[in-house]
Amino acid sequence: MSALRRPGWLLAGMAALSVAAVGAALVSQHVYGMEPCPWCILQRVIFLAIALLCVVGFVSTRIAGVLALAFSLCGIAAALWQHFKAASSTSCALTVADQIVIAMKLDSLWPDVFLARASCADAAVKLAGVPYEFWSLALFVVLGVASVAVIRKR
């Protein structure tokens, strides 16, 4: 089996991509002034959960792959909901995304990363002509496909 096809390498790559996605979101926020909405914050949480699961996956790759796939599907749903529903709403306060982040106390523990600072309509921006949430969606799809590859490896 090629070294790049081993589940451990896939998990490491998935963890790196997930952390990089959150890093890119933080640069967008703190350097370019793109304030996040609650759904943006929820997607950050999901990316970090996937990264954590992938690190844990070095102990049990199949379980990590299944859980990472589940979180990837959650991320896909969050990105699609943000684009098709929340972005057209003038208020997205106290949505499911808010409730999850508040329940985890992430917004108060680490506000620079997890505090929503804009409405969904205000946070609807494009990067290279593509809605920002579609970049997130694409990465969640890549992570989901990689998760399936991890699950299928023996």
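A short reminder: the numbers here are calculations on the coordinates, not readings from a lab. As the structure is a computational prediction, the values presented were derived from the model and not from experiment. Please note: Cβ atoms are built from the backbone with ideal geometry, for glycine as well, and neighbour counts cover all protein chains shown.
Worth pointing out:
- The chymotrypsin sites (Phe, Trp or Tyr not before Pro) of the range 38-110 that meet both conditions, a loop assignment by DSSP and at most 15 other Cβ atoms within 10 Å of the site Cβ, are Phe58.
- Residue order for Trp135, Trp9, fewest other beta carbons within 10 angstrom first, comes to Trp9, Trp135.
- HN-Hα J in Hz across the range 41-51 - Karplus 6.51, -1.76, 1.60, θ = phi - 60°, x for Gly and Pro: 4, 4, 5, 4, 4, 5, 4, 5, 5, 4, 4
- Karplus-derived HN-Hα couplings along the range 126-139 (A = 6.51, B = -1.76, C = 1.60, θ = phi - 60°), whole Hz, x at Gly and Pro: 10, 10, 6, x, 10, x, 3, 5, 6, 5, 4, 4, 4, 5
- Among Leu80, Leu109, sorting on how many other beta-carbon atoms sit within 10 Å of each Cβ, with the fewest leading, yields Leu109, Leu80.
- Mean-square fluctuations from a GNM of the chain, with a 10 angstrom spring cutoff on Cα atoms, peak among Ala78, Ala121, Ala86 at Ala121.
- Remark on Leu127: its backbone amide H falls under 5 Å from those of Tyr132, a criterion applied only to residues 5 or more positions apart or on other chains, H modelled at 1.01 Å from N.
- Evaluating 6.51 cos²θ - 1.76 cosθ + 1.60 at θ = phi - 60° for every residue in the range 95-111, the Karplus couplings come out as 7, 4, 4, 4, 4, 5, 5, 5, 4, 7, 6, 5, 5, 8, 6, 9, x Hz, glycine and proline recorded as x.
- An ellipsoid equivalent to the chain, defined through the eigenvalues of its Cα gyration tensor, has semi-axes of 28, 15, 14 Å when rounded to whole angstrom and sorted largest first.
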